[in-house]
1. Restricting the first residue to segment 97-120 and requiring it to be in the same structural domain as residue 68 (by TED's automatic domain parsing), which pairs with a second residue that is surrounded by fewer than 13 Cβ atoms within 10 Å (Cβ to Cβ) and part of a strand (DSSP E or B) meet a Cβ separation below 8 Å and a spacing of at least six or different chains?
2. Just give me the residues in segment 36-62 being more than 14 Å from residue 179 (Cα to Cα) and in a strand (DSSP E or B), in sequence order.
3. Does segment 41-60 include one or more residues that are at positive phi and in contact with a strand residue (DSSP E or B) (Cβ under 8 Å, 6 or more places away or on another chain)?
4. Just to be sure, is residue 94 under 19 Å from the mean Cα position of the chain (by Cα), modelled with pLDDT under 95 and buried (at least 17 other Cβ atoms within 10 Å of the Cβ)?
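The values are calculated or read from the model by the stated rules, or taken from the named source; none is laboratory data. Predicted, not measured: the structure shown is a model, and the values here were computed from it. Please note: Cβ atoms are built from the backbone with ideal geometry, for glycine as well, and neighbour counts cover all protein chains shown.
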């Protein structure tokens, strides 16, 4: 009897909570939970006056320039800071991987990457002059094959020219093209 009196006193004081009471006293949360994105985005551009044509299968070391002042991990990087890194091969092209930032005479560790910069047919290999050159090579090939097999006629030469254009375009290498004023967004790892 004494134990029951002690237990009921403790329950009334809230020291002991029965399982039934615990289930009844749930706290309902009415404030939404906001999850903030903590990744910094750095807007950069290439330091070059000319368009770059980068082989998608090779690593290319280039510095980028920070387009606007930004804070990363409590450190401020002014506009014009040099972002050090390289373009690295990935499926579908290249991505820029930054490893440090240069501010004045100081270098700070920085880990950031770009999205994939997609590859394309090398535009230097697919302009009108290259197509005409490929057609001429194909036409010459058609003429030679026609002469070897007998009399070369117009259709064999025309077929060779068409084949030259098709093969020339198909065999044009793929590259990643970076324009001098192109913005490259880097995302902090």
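1. Qualifying pairs under 8 Å: 99/109; 100/109; 108/75.
2. Initial filter on segment 36-62 (more than 14 Å from residue 179 (Cα to Cα)): 36-43, 55-61.
Correct list: 41, 42, 43, 55, 60, 61.
3. No, segment 41-60 contains no residue that is at positive phi and in contact with a strand residue (DSSP E or B) (Cβ under 8 Å, 6 or more places away or on another chain).
4. Working: under 19 Å from the mean Cα position of the chain (by Cα): yes; modelled with pLDDT under 95: no; buried (at least 17 other Cβ atoms within 10 Å of the Cβ): yes.
Taking the combined requirement at face value, the residue does not satisfy it.
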